[in-house]
Amino acid sequence: MTIQQKISKIQVKYSSFPDGKWGKNTAKAVADGIGVSYNCFTSLESLNKKIQKKINVKDDGIIGNITCDTLIELSGEKPVIENDGISIATKYLEEFRQTPNISSSKINPIGIVLHHSSGSFVGTVDWCLRSESKVSYHCVINLDGSRVQLAKDNQRAWHAGKSSFKGRSDCNGFMLGLAFSGDTYNRELTQDEINSAVEWILKRLEYYKWPKDLSTITTHRAVSPGRKDDPDKRAEAAILNALRKKLNK
């Protein structure tokens, strides 16, 4: 991930415009987010040093990889580890917007349920942010590959309903929900959607050490047979084939 991409992630998480450039407005937004006062703000460098001192990194006033990585981790995102030669750099912009539709109990995810939402991307995100909907996914992917993460991985989202996977009931209690907008019976996934999904899934495949035979990647159709039919088999095949291609490189 480039420094510009890291800064964009920080800007999204600390409510600043995500242009990938570290300036006065970004520094102030981060300072607000981590409890640093800037009433005596004299220069960007001095504020940078105060931020670095607060997060216990070298306070040289230069916003580099170590400062960015620490801020990303402090914002609640788990550090991404690259191993086994798999590239998991973040190409697509990801925004975190906390859904209210989660349970108080935490989960230890063992896999992912693929969904389609039937609604537009904007409409789906908006619906998941409304408490009255009682619906949420961990992540929703847009046609251009950009993503909105609606719940942290250890939060129990409400995406699967009555369901079971490998003899274990209630998939919300142990599976992540990843959704595509629209109806995949009426359209094929875009290449950006596929690439973005692969990027998102690979991060977790590596971090959680899930089996690389993809046996823990399933669909709403499979975990709730007769009740749900999403996504279309073409969408499922596109994601699994792209994952296998990436893993077999």
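The values are calculated or read from the model by the stated rules, or taken from the named source; none is laboratory data. Quantities reported herein were computed from a predicted structural model and do not represent experimental measurements. A quick note on method: Cβ atoms are made from the backbone with ideal geometry, for glycine too, and the neighbour counts reach across all protein chains shown.
Before moving on, here are some points about what is shown:
- Residue identified as crowded, with 16+ Cβ neighbours inside 10 Å, under 17 Å from VAL140 (Cα atoms), at pLDDT below 95 and not aliphatic (A, V, I, L, M) among ASP192, ASP230: ASP192
- Filter result for the condition that a residue is out of contact with any helix residue (DSSP H, G or I) (no Cβ under 6 Å at 6 or more places or on another chain), part of a loop (DSSP other than H, G, I, E, B), on the phi < 0 side of the Ramachandran plot and not β-branched (Val, Ile, Thr), over ASP229, ASP153: ASP153
- Yes/no for ILE112 being surrounded by 23 or more Cβ atoms within 10 Å (Cβ to Cβ) and touching a Ser or Thr at 6+ places or on another chain (Cβ under 8 Å): yes
- For ASP170, the conditions (1) at pLDDT 95 or above; (2) farther than 15 Å from GLY111 by Cβ all hold with the exception of (2).
- Candidates GLU236, GLU206, filtered to the one that is under 23 Å from TRP158 (Cβ atoms) and part of a helix (DSSP H, G or I): GLU236
- Only a single item in (1) more than 14 Å from ILE112 (Cβ to Cβ); (2) in a helix (DSSP H, G or I); (3) of a type in the set (Gly, Ala, Ser) is not met by SER196, and it is number (1).
- In the range 21-35, the residues that are closer than 18 Å to ILE66 by Cβ and part of a loop (DSSP other than H, G, I, E, B): TRP22
- Any hit, the range 161-175, residues being in contact with a strand residue (DSSP E or B) (Cβ under 9 Å, 6 or more places away or on another chain), assigned by TED's automatic domain parsing to the domain that holds LEU129 and under 16 Å from ARG97 (Cβ atoms): no
- Taken over the range 230-249, the criterion of being more than 15 Å from ILE194 (Cβ to Cβ) and out of contact with any strand residue (DSSP E or B) (no Cβ under 9 Å at 6 or more places or on another chain) is satisfied by ASN248, LYS249.
- Yes/no for ILE55 being surrounded by fewer than 16 Cβ atoms within 10 Å (Cβ to Cβ) and outside the structural domain of LEU202 (by TED's automatic domain parsing): no
- The range 124-143 - residue that is in contact with a Phe, Trp or Tyr (Cβ under 8 Å, 6 or more places away or on another chain) and surrounded by fewer than 21 Cβ atoms within 10 Å (Cβ to Cβ) and, of those, farthest from ASN101 (Cα to Cα): LEU143
- The set of residues in the range 202-220 being of a type outside the set (Phe, Trp, Tyr) and either at positive phi or within 17 Å of the chain's Cα centre (by Cα) (or both) consists of LEU202, LYS203, ARG204, LEU205, GLU206, LYS209, LEU214, ILE217.
- Exclusive hit being more than 20 Å from the chain's Cα centre (by Cα) and buried (at least 16 other Cβ atoms within 10 Å of the Cβ), set SER181, SER224: SER224
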